[in-house]
Amino acid sequence: MANRQTLPVLPLRGTVIFPGLTAPIAAGRPGTLRAIESALKGDRLVFAVAQKDNTDEPTPEILYSMGVIARIGQVQRGLGGVQLLLQGEQRATALQYGTGDGFMNAVVMPVDELGPLNEQDPAFTALHKETRERAAELGERRGLPEEVVHQVLDSVTEPGRFTDLVAGYIDLAVPERQGLLETLSVEERMRRVLVHVQRQIGMIEAQEEIKSQVQEELGERQREMYLREQLKAIQKELGDDDQSREVTELRDKLAKLPLSKDARAEVERELGRLERAGRESMEAQVIRTYLEWIAELPWGNRSDDNLDLQRAQTVLDDDHYGLPDVKDRVLEFLAVRQLRAKELAEEVEQKGETSAAKLQIDRDTANPSLGEGADRAITDQKEAKARAMAKGPILLFVGPPGVGKTSIAKSIARSLGREYVRVALGGARDEADIRGHRRTYVGAMPGRIIQGMKQAGTKNPVFLLDEVDKLGTSFQGDPSSALLEVLDPAQNDSFTDHYLNIPFDLSEVLFIATANFIQNIPGPLLDRMEVVEFAGYTEREKAEIAKKYLIPRQMEEAGLGSRTMKFTDDAVMEVVSRYTRESGVRQLERQIGAVARKVARKIAAGDTSELTDDTITQEEVRVLLGRPRVHPEHAAEENEVGVATGMYYTPAGGDIMFVEAAIRRLQGAQPSDKDTQVSGWGNVSLILTGQLGDVMKESARAALTYAATHASTLEIPEDRLGSIEVHIHVPAGAIPKDGPSAGVTMATALVSAMSGRPVRKDVAMTGEITLRGRVLPIGGVKEKVLGAHRAGITTIILPKDNEAHIEDIPEDVRSQLKFHCVRTLDELFELALLPAVRPVRTRKTEMEQAEEEAKKTAA
């Protein structure tokens, strides 16, 4: 019995080594290199065994049990590994695989092959002779010199070694080569080798015959055409004439589509052209691509809508916090669909019963054609039901970045059970992006709408048109004009893409568009969509979103999902108010992610002394994130003359601003040419600073005119209407400012400075003014009020026409504020200004202080 021995394992990828053969091997895997080094330190023997699959990390499970004991010959080391020669010595089987010192080893037992019972048997002798002759023929057909082939074959006389020699040089897959290695019977192995040799000789003969046919047919034609015809001859030899088969398959696929009469005629015309065109012509390629596009579009496939209102409500609430208007609109859509589906089902059921009764009468009277008509009527009614149910609204979500416009569209698709497709339109400047290119152009393709429908695979997906306000225009056309047909319910049932050139029904698609600035959307396009406004989140809403969604997600991404790491409420509010300033929650999520990563770093380093009970407090947020990044305005600490508090709104949210006014008497000096002259009440000049826009400058002039014309009513001393200089300044001078809503704030600060009446510190106001003192409505009430509440304001003054907007403010904020709605400036001054304190004390400007010091010095 052969002795067992333990040898390093050398896994082989893509090859099998046979006994008696020498093969070059390249090794670079760490485990393989260690196995080679171990063998070189000993008797240079390894167990070479093939892998079942081509993986970089071999395990005993993917190694065959039968291999070859091989001896390592020459070894050449390089940067990428080693090159070595392996000499196969004897078959062996692995009894057990193991791992040690970083490489695999195996307990192997040599295996003896089973020789023929009688080598002089005529059958075996004939088999041996035939195998030698066929092996020599194969070598010669491969282009090897006859002398070399016979010298190699004649050097091996023993049948088993000869069979292994031939098996090592024929082109076989690894499983087949492994099968020959595992065949211990010499006669059986020789018989299998002969079959493989004969098969390869036949393949070479077929190749030579094909090559001969092609050469006779082509003569001196170009090499490219020669290769194409050679491929054609190969396919013909194999009986695979797929030109007609492809056309037949394409025709069958198109015949199953519910196309309109005109579309069917166009498809049949293109199919006829494809059959007449040559397979390799450019025209055939264009036609085939066009027909494949038509075949892959969802002409009749629909998603079954889930009309469960409770489930839809649950899905929307699970994915997004707040946004009641959007959720209500989706649920209203579902409720209407549910009722319409119920009515249509009853109508179809009644018509179905009538048609079924008529069908029975027709069959009894042997009139089957009328019965088939009834069946078609029922089918048409079901199709009408599906179309009536599927028609949906076209929504436009407008709001600042990061408030959830894009993500809630995906939640809507999930709640409805529909497919979801998103197309980003930001920066699109070509009409062909929407309508596609005409097929006369090289490389023509359908537009983004048809591509999205193909991607969805159904004709009623939720289709998101993202950033529709950022469409551009160029000499290539206006994409927003191309969207007019797509988003018009009266036209999109026959949308015609330039590439398809046949109508496609988009009426069942639920289109949702998103935008940041509604004023950038053309009027005709805006008129086709139902606007749903997304307001910014309040700080409390942001804190709830952070606790419910953002913190768990960021903890999971930071590798802290298994730990019960928590943020205190004060810590969350600290991040919201002191490190972010936005309407959405993107920056908030980044800051929470920064906290999570810094905590992960401390935990990985073993420094958890600052983390108390796996809880992140407000103080720890300061330590982890550093100094606060945001310094919001706060309400004034005292009532001041000439300083009024206004409110403004930007895409980042609402906040308060201070408007300062100061009065200086002119001592005979003429105003500068840069000043704005206001004539009629003495020599009055107006200075405006703070990088104000034209609209704000006009509001300041209107406020000055109103103050001058109503001086007696406003208790303004007459000397204040003499030769004076009025200076109005809005802090944060590096930031451009504009808009009419600061009119009431400017008027209040101006009247306060001229009359000496202090402005209440707890009051913030907004509104446009006229020369007659009327207060006109403005926009962004919710965001402005939320910003004022965040700054500590307790009393809000709004235009009377904006009174209804107070309902949009969250109840928890509304309950902490006192609202006053005014129609005129007189009503506003009664609320915002306090009685004057005599002597009048105003804030002195640097110029006034300089004048007083000059007078004292002169005295």
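Computed quantities for the displayed model
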read-out: Pair D308, L45: separation of 7 Å Cα→Cβ label points (nm); value: 6.8
read-out: Using alpha carbons only: equivalent-ellipsoid semi-axes of the range 157-208, gyration tensor based, whole Å; value: 20, 12, 9
read-out: Percent accessible area from carbon and sulfur atoms, the range 735-836, protein chains only, probe 1.4 Å; value: 50
read-out: Shape of the range 420-497, Cα gyration tensor, a/c cut at 1.5; value: rounded
read-out: Calculated FRET efficiency for the pair T473/Q215, C-beta based, R₀ 60 Å, to 0.05; value: 0.55
read-out: Point-to-point label distance, I735-R597, nm (Cα→Cβ direction, 7 Å offset); value: 2.7
read-out: Long-range HN-HN contacts of L471 with modeled amide H, under 5 Å; value: G427
read-out: M647 long-range amide H proximity, modeled H, under 5 Å; value: M657, M765
read-out: Accessible area in square angstrom per residue, the range 492-567, 1.4 angstrom probe; value: 43
read-out: FRET efficiency, 1/(1 + (r/R0)^6) with R0 35 Å, evaluated for T157 and E182 via beta carbons; value: 0.90
read-out: Carbon/sulfur fraction of accessible area - the range 117-197, other protein chains in place, 1.4 Å, %; value: 53
read-out: Solvent-accessible area per residue, Å², over the range 28-82 with all protein chains present [probe radius 1.4 Å]; value: 53
read-out: Euclidean distance of C-alpha centroids, the range 126-140 and the range 1-58, integer Å; value: 31
read-out: Pairwise label distance in nanometres, E61 with D570, each label 7 Å out on the Cα-Cβ vector; value: 5.4
read-out: Selection of GluC sites (Glu not before Pro), the range 107-208, meeting DSSP coil and at most 15 other Cβ within 10 Å; value: E119
read-out: Per DSSP, loop GluC sites (Glu not before Pro) in the range 682-767 with at most 16 further Cβ within 10 Å; value: E715
read-out: Amide H contacts under 5 Å for L798, placed H, 5+ residues apart; value: H820, C821, V822
read-out: Restricting the range 518-620 to GluC sites (Glu not before Pro) in coil, as DSSP defines it, with at most 15 other Cβ within 10 Å; value: E610
read-out: Heavy atoms of I17 accessible to a 1.4 Å probe, total area in Å² rounded to 10; value: 10
read-out: Whole-angstrom gap from the range 488-547 to the range 769-790, using each part's C-alpha centre; value: 29
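The values are calculated or read from the model by the stated rules, or taken from the named source; none is laboratory data. Computed from a predicted model, the values in this text were never measured in an experiment. So basically every Cβ, Gly included, is an ideal-geometry build from the backbone, and we count neighbours across all protein chains shown. Please note that ligands, DNA and RNA were not included when accessible areas were found on the heavy atoms of the full protein model with its side chains. Shrake-Rupley method; radii C 1.70, N 1.55, O 1.52, S 1.80 Å.
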